Amino acid sequence: MGCNQHTVKPFVIPNNWKRYRAYDHGRDKPACCLWFVLDEDGRVYVYREFYAAGLNVDQIAQEIRRLSEGEIYDYSISDPAIFANIGYVDKYGGQTIAETFAHYGIQWIPGSNRRIDGWNLTHQYLYWDSHKRPLLQFFEICYNSIRTIPSLIHDQHKTEDLDSNGEDHVADTVRYFLMSLHERRSPQEKTGEEKIFYDMLRKQKQTSLNDFYFGTR
């Protein structure tokens, strides 16, 4: 990952861009949550990260919820391992890590664990040349993402895979998200005339529903 090509200064995210979260679980090893946004051209930006080791699931969930306040996500995807029964019951009666998160209002869907396909797709998003910007860029405040991804190496016995003994938590989180994304785009921002038109339709729809429910027609 070339820092100049793959990092950008933080900017105000347009309201029409879709937001997402992805998560790779860890306790003794770091847990990683990344916040993504997708622009109209299919370019992905990582605009926030949470990266910490030694925390319990409820502590992680509370921090992710705090960092997510006021935002709406198209979906949130995670390491599929958090849906496995891990043999204990949390204080809410949940028997999986995913259920514990759900008690804090965070609903994950399981990501794909097809590692080779995921790394191939990640390479495609990171690729750049003199005529093409990469399709994946990180805000400069995502320090652990910028630090860890360039340090990763291939597995000696399976060269298309990463060595999982490395600090691959950010990379895994990125992989889960990109595998889920496919060919999605954010909608184009409406022009002034389009906004007026859609506002009229929305108000008309609301008025019609009010008339229906309250019997004014």
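The values are calculated or read from the model by the stated rules, or taken from the named source; none is laboratory data. Small disclaimer: the values here were computed from a predicted structure and weren't measured. Positions of Cβ are generated from backbone atoms using ideal geometry, with glycine treated the same way; all protein chains shown enter the neighbour counts.
Yes/no matrix, rows are residues, columns are (1) surrounded by 12 or more Cβ atoms within 10 Å (Cβ to Cβ); (2) acidic (Asp, Glu); (3) under 25 Å from Val12 (Cβ atoms); (4) at pLDDT 90 or above:
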site: Tyr104; (1), (2), (3), (4): yes, no, no, yes
site: Trp108; (1), (2), (3), (4): yes, no, no, yes
site: Gly111; (1), (2), (3), (4): yes, no, no, yes
site: Arg115; (1), (2), (3), (4): yes, no, no, no
site: Phe139; (1), (2), (3), (4): yes, no, yes, yes
site: Ser151; (1), (2), (3), (4): no, no, no, no
site: Leu162; (1), (2), (3), (4): yes, no, no, no
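If you go through region 1-30 and keep only what is under 24 Å from Ser112 (Cα atoms), at pLDDT below 95 and small (Gly, Ala, Ser), you end up with just Gly26. The number of residues in region 28-54 that are surrounded by 15 or more Cβ atoms within 10 Å (Cβ to Cβ) and either at positive phi or touching a Leu at 6+ places or on another chain (Cβ under 7 Å) (or both) comes to 7. There is no residue in region 10-18 that is surrounded by 21 or more Cβ atoms within 10 Å (Cβ to Cβ) and β-branched (Val, Ile, Thr).
The sole residue among Gly118, Gly105 that is under 20 Å from the mean Cα position of the chain (by Cα) and part of a loop (DSSP other than H, G, I, E, B) is Gly105.
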